[in-house]
1. If Leu136 satisfies all but one of (1) surrounded by fewer than 12 Cβ atoms within 10 Å (Cβ to Cβ); (2) in a helix (DSSP H, G or I); (3) within 16 Å of the ligand (Cβ to nearest atom), what's the number of the condition it fails?
2. From the list Ile112, Ile145, exactly one residue is at pLDDT below 90 and away from the ligand (no atom under 16 Å from the Cβ). Which is it?
3. For the stretch 231-244, give me each residue that is surrounded by fewer than 19 Cβ atoms within 10 Å (Cβ to Cβ) and either within 19 Å of Lys277 (Cα to Cα) or of a type in the set (Ser, Thr, Tyr) (or both).
4. From the list Asp182, Asp261, Asp203, exactly one residue is at pLDDT below 95 and either closer than 18 Å to Asn130 by Cα or out of contact with any Asp or Glu (no Cβ under 7 Å at 6 or more places or on another chain) (or both). Which is it?
5. Could you list, in sequence order, all residues of the stretch 56-71 that are farther than 14 Å from Arg280 by Cα and away from the ligand (no atom under 16 Å from the Cβ)?
6. Any idea which of Ile47, Ile28 is assigned to a helix (DSSP H, G or I), assigned by the TED database to the domain that holds Met163, at pLDDT 95 or above and under 26 Å from Met163 (Cα atoms)?
7. Restricting attention to the stretch 266-286, report how many residues are more than 14 Å from the ligand (Cβ to nearest atom) and free of Cβ contacts under 8 Å to residues at least 60 places away in the same chain.
Amino acid sequence: MTIQWFPGHMTKARRQIEEKLKLIDVVIELLDARIPMSSRNPMIDEILKGKPRLVLLNKADLADPGVTAAWVAYFKERGLDALPIDAVSGNQVREIAPRCKELFKDKIATQIRKGINPRAVRALIVGIPNVGKSTLTNRLAGKKIAATGDRPGVTKGQQWIKMGTEMELLDTPGILWPKFEDQNVGMRLAATGAIKEVLLNADEIAFFTIRYLAEHYKGQLMERFNMESIPTDLSDPNEIVKIMEVIGRKRGIIQSGGRVDLDKTSMVILRELRAGKMGRISLEAP
Ligand code: GDP
């Protein structure tokens, strides 16, 4: 699902989340573990207004574990509990309910002290498109929930999904827009598949990706494409294009005339990156 974000949609999305915030105790902010900052809504702190929040670094199965650990520490330093998960396999998903309850424990203690039977802690998942909101919702529900949240402009009745006995999740996640201003953010979102190529050229995204990999994941890059060496001067764009040409040749992506088809090679690079074929890679470090 892609959303063309316009100012009106952003206002509407924000208003929809603000309405839901009235119903819930804890926000589950879903980020992409490979690009936690780039997959974050730029106004999130302002929108959530201090609501207790658990940060989930989803798709951690695709991310570099060392970098993910550094992100967890980064969020902790800023007073936020962050948990790496994999919504597809369900890894660490069971940790979500206890962490949410922990965030709400003072309120629960107060209720008990007042002799009130504490009700279930109510949570809402928020995040940008494609970050895994519906995958996680379905996993927490233990079944497929029909609609994938509400697109700006589309509303439907919302229901509570029971997560164990003491937690409930709103079945329609809050959809937020990504950052647009920063070109590198756009590149990272496109490289991971969060936004569609049509907005940017595949070769530009692949170029960006290869440069990052050559800098940070040289060994994995060389191994995947069976390369003997990688140029050392990565500031020279021609050197990056040369790496892409080597990859194209290795994959036999040759046009008539014997030249490498860079567009097709770019698609292959991005497809393999997104499928985790190059190993676990993060495109952003704290
Ligand atoms: P939404 O737009 O936020 O609801 O995102 P979806 O739940 O539709 O997920 C977008 C894509 O990411 C789908 O292809 C999912 O299979 C995939 N996905 C979601 N969570 C994970 C995860 O933890 N690991 C991996 N590898 N893929 C995931």
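The values are calculated or read from the model by the stated rules, or taken from the named source; none is laboratory data. Quantities reported herein were computed from a predicted structural model and do not represent experimental measurements. Cβ coordinates were reconstructed from backbone atoms using ideal geometry, including for glycine residues, and neighbour counts include every protein chain displayed.
1. If we test Leu136 against (1) surrounded by fewer than 12 Cβ atoms within 10 Å (Cβ to Cβ); (2) in a helix (DSSP H, G or I); (3) within 16 Å of the ligand (Cβ to nearest atom), just (1) comes out false.
2. So the residue among Ile112, Ile145 that is at pLDDT below 90 and away from the ligand (no atom under 16 Å from the Cβ) is Ile112.
3. Selection gives Thr232, Ser235.
4. So the residue among Asp182, Asp261, Asp203 that is at pLDDT below 95 and either closer than 18 Å to Asn130 by Cα or out of contact with any Asp or Glu (no Cβ under 7 Å at 6 or more places or on another chain) (or both) is Asp182.
5. Ala70
6. Just a single option satisfies the conditions, and that option is Ile47.
7. Within the stretch 266-286, residues that are more than 14 Å from the ligand (Cβ to nearest atom) and free of Cβ contacts under 8 Å to residues at least 60 places away in the same chain number 1.
Each row is one residue, and each column tells you yes or no for (1) at pLDDT below 95; (2) under 27 Å from Lys179 (Cα atoms).
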{"position": "Val55", "(1), (2)": "no, yes"}
{"position": "Leu80", "(1), (2)": "no, yes"}
{"position": "Gln92", "(1), (2)": "no, no"}
{"position": "Ile108", "(1), (2)": "yes, no"}
